[in-house]
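Here is the structure we will look at, set down as structure tokens.
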Amino acid sequence: MRGGETRGEERDAAKSRSGQQKKSRCSESVSELLTEPIFELVSAEMAMSSILKADDIKKALDAFKVADSFNHKKFFEMVGLKAKSADDVKKVFHLLDADHSGFIEEEELKFVLKCFATDGRDLTDKETKTFLQAADKDGDGKIGVD
């Protein structure tokens, strides 16, 4: 074991290095939000369902199933995010921030619906750019948590 690593961390690091461990873009953030070891295997979809109602997520995804129909304000209202606490909104943000940079960049934004459910579709380039433009408060090409 390397300095400070537990046996589980060493095993996970070895699997990751060997390519045996496959995670979705969104699920990488889950283990950082949930500290208990058993939760390391929880998918982003399950993490979202612990914050938002699964039925609301399904209805919202169904409403925007057609390409170029996505409206971020309506989507977040439909999944119930607007009614959640600031802490819950930050938890969702961190699940969407797949590279853990503290920002959601255009490439991550394209896959935002897959973070809510694995069968969610990719946003089109047009939807992605529109969403980014609306949510990018300072014009730096990325969305911050605040």
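Derivation of every value follows stated rules applied to the coordinates shown; laboratory data play no part. Given the structure is predicted, the values throughout are model-derived calculations rather than measurements. Neighbour counts are summed over all protein chains in view; Cβ atoms, including those assigned to glycine, are modelled from backbone coordinates with ideal geometry.
Observations
- Net charge of Cβ neighbours under 13 Å - reference D68; Lys, Arg +1; Asp, Glu -1: +1
- Listed residues A98, L81, Q133: farthest to the positive end of the dipole of the range 61-146 (Cβ charges): L81
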